[in-house]
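Trainee: Just dropping this structure here.
Just so it is clear, none of the values below were taken in a lab; they were calculated from the coordinates. Quantities reported herein were computed from a predicted structural model and do not represent experimental measurements. All Cβ positions, even for glycine, are placed from backbone atoms using ideal geometry, and neighbour counts span all protein chains on display.
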Ligand SMILES: [Cu+2]
């Protein structure tokens, strides 16, 4: 704007150019529409198939991708027997409080057969967050990544990675997770622990033979940088993350860039979603660079 004013143009021209520039900036923000159908799906893990609550039949659920400044409109339709809300973990709901998705706090749950449209603008944030069910224990299987890219034309404040990959750490129960939390609430004791930890919904080869094919694999090339968008979607557990013979450079935490620092291991805390969103403990995003460079 100051460039226009200092250009020496007559005032009406300056005003016109300023208006055009404003329109151009506004045009770079988009409205992103998503349809999230909450539905049951049969998923096989640890050699057994069970029916779980999902979004669009996916476990983990679909990634929600937007740029800073974009409006996000998510139509959620509930096709399962459970009441449902979805929470956009860590997204600052500035003047969008009704879109926060906390059941019985900012909204009544979406009942079976009903829809609700979440409508919010991503303001002043860029990085990795996540979305999850915010009622009972349904977030065990109803969750996914939120990827907030910088504004169009704005680079990362670090070397651009060769590839970006969401890495969602989670848990898998053989039992119905709603039965697990119901029993814990009845007894007042701790809940049963999960049967497996997962990476992007897959338990990996450490549990039993039939899990070998259910392993998350990322093919990498030596010397290239990969940005792992790390999310802890476990119910209650702090999780440690490390890659053998590699280091991790943390470049962003909670959708805020940080001065990059290098570690061998990260601890990622579980969600504390009974707190207001601004107090939720969130996940770091990291880049890792193979040591073979
Ligand atoms: Cu949360």
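Trainee: Please find the FRET efficiency linking residue 192 to residue 32, where r is the Cβ-Cβ separation and R0 is fixed at 41 Å, and quote it to the nearest 0.05.
Mentor: Calculated value: 0.60.
Trainee: Evaluate the distance, in nm, between pseudo-label points positioned 7 Å from the Cα of residue 41 and of residue 112 along their respective Cα→Cβ axes.
Mentor: Simple spin-label model gives 2.1 nm for this pair.
Trainee: Sort 162, 132 so that the residue with the fewest other Cβ atoms within 10 Å of its own Cβ comes first and the one with the most comes last.
Mentor: 162, 132
Trainee: Continuing with the same structure: Which order results if 149, 202 are arranged by neighbouring Cβ count within 10 Å, fewest first?
Mentor: Least crowded to most crowded, the residues run 149, 202.
Trainee: Expressed in nm to one decimal, what extension gain is obtained for the pair residue 246 and residue 174 from 0.36 nm per residue of sequence separation less their Cα-Cα distance?
Mentor: That works out to 22.6 nm of additional length.
Trainee: Once you have a ≥ b ≥ c as the square roots of the Cα gyration tensor eigenvalues for the stretch 61-220, tell me rounded if a/c is under 1.5, and otherwise prolate or oblate according to whether a/b is larger than b/c.
Mentor: Since a/c reaches 1.5 but b/c is at least a/b, the shape of the stretch 61-220 is classed as oblate.
Trainee: So, one more: Set the Förster distance to 45 Å, then compute FRET efficiency between residue 219 and residue 77 from the Cβ-Cβ distance, nearest 0.05.
Mentor: Computed FRET efficiency for residue 219 and residue 77 comes out at 0.80.
Trainee: Length gain on complete extension for the stretch residue 259 to residue 199, per 0.36 nm per residue less the alpha carbon to alpha carbon distance?
Mentor: Gain in length upon complete extension: 18.9 nm.
Trainee: Please list 71-79, 221-229, 181-189 highest first by mean number of surrounding beta-carbon atoms within 10 Å per residue.
Mentor: With the highest mean Cβ count within 10 Å placed first, the list reads 71-79, 221-229, 181-189.
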